[in-house]
Structure formats: C-alpha cells, structure tokens
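Presented below is the structure to which this report refers.
The values are calculated or read from the model by the stated rules, or taken from the named source; none is laboratory data. Note that the structure is a prediction, hence the values are computed from the model and not measured. So basically every Cβ, Gly included, is an ideal-geometry build from the backbone, and we count neighbours across all protein chains shown. In case anyone asks, the SASA skips ligands and DNA or RNA and just uses the protein heavy atoms, side chains included. Shrake-Rupley method; radii C 1.70, N 1.55, O 1.52, S 1.80 Å.
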Amino acid sequence: MAIAAPTYAAVVARVDKWLSIEQGITYENSTALVPRAGPEVVTCYGFGTKADRSPIVSVIDDWCGKVIGTSVSNGQTVWARYNYGTFTVLVSAQAINGGNWVIDGNCNRLLRLPVDGCNTGGVNGKQGGYETDLYGQWRTDPGSNGSDV
C-alpha cells in the first residue's frame, strides 16, 4: 500500500538533519474519516532514551506532512523511524478496536501529546509515550541505536 501524498504543501524547519528514515505499514488484519470518540489518554514511558523537544517535533511535523490522507484499517500500523545518529525517533499511528480511519490534521497534535504531557520539567529530556483514544493509538518514542528504548 502506498502512502498517499498530502493535499497541501508542507514546510518543515529541521533543527538537525536526520541521517536516515525507515518507514512502513504493518497489517494485523484487513475508509472513511470517522470522528474521534471517547477520551484521549496519554501514557508516558518515563524511562529510556532522552531527547530534546525540537528534533522530536521536527520528526512529527515531517512525518505527518507525508502521511496525512493515508487510510489506516483496524490492526494496521503506519510508522517511521528517523535516525539522528546519536538517537532515533519512532512515530506511529495504529488503528485499534475495529476502527478504520484516515490520518488527518490531528496527526501533529496527537503525536505531540506525549511529548508535551510527559517529562514536563522543561524542553529537554523527553522520553515519549503514546496517546490512545477509542479507535487509535499514536506513538512518539525516542530511542538509541535503532532501538525503541
């Protein structure tokens, strides 16, 4: 399945250039935009690699600009891992609980929730986490050496 091109031009200011990007779509099972229902719950990792907010937000903005408009079916995960050399940032969106939806402009907001809602002592030392709502799970995860920890 090809990732749909965004319907708008995105401009992303990168703080640091990443060295490489791995990305993919994973299917567990086999599309219309469905309004988000239920609460948005943020789970913080609180351990693992720490990274500054700026490069994490740069990754979120770049990735969301590429995947807006992509259909995600129940059990499917769309993801990318950006490599900065000294650390990586994994971002993903997964359809859960029978949900099928299209990635929309909420992508940036949902991926930033664990960045800004966890490790709140400043803009440095972010360890990520994930947001879960009724039909989706959005993950932002700094790691080291290709690992998610």
What does the accessible area per residue of region 61-149 come to in Å², with a 1.4 Å probe and no ligands, DNA or RNA counted?
33 Å²
Once normalised by the length of region 43-149, the mean sequence separation of its alpha carbon contacts under 8 Å that are 6 or more apart gives a contact order in percent of 38 percent
Which FRET efficiency value, to the nearest 0.05, do you get for Val41 and Val102 by plugging their Cβ-Cβ distance into 1/(1 + (r/R0)^6) with R0 = 22 Å?
0.50
Can you pull the percent of region 46-149's accessible area that's carbon plus sulfur, 1.4 Å probe, other chains left in place?
47 percent
Karplus-derived 3J(HN,Hα), 6.51/-1.76/1.60, for each residue of region 106-115, Hz, glycine and proline x
6, 3, 4, 4, 5, 6, 7, 4, x, 6
For Tyr130 the rounded accessible area (nearest 10 Å², probe 1.4 Å, non-protein molecules ignored) is 60 Å²
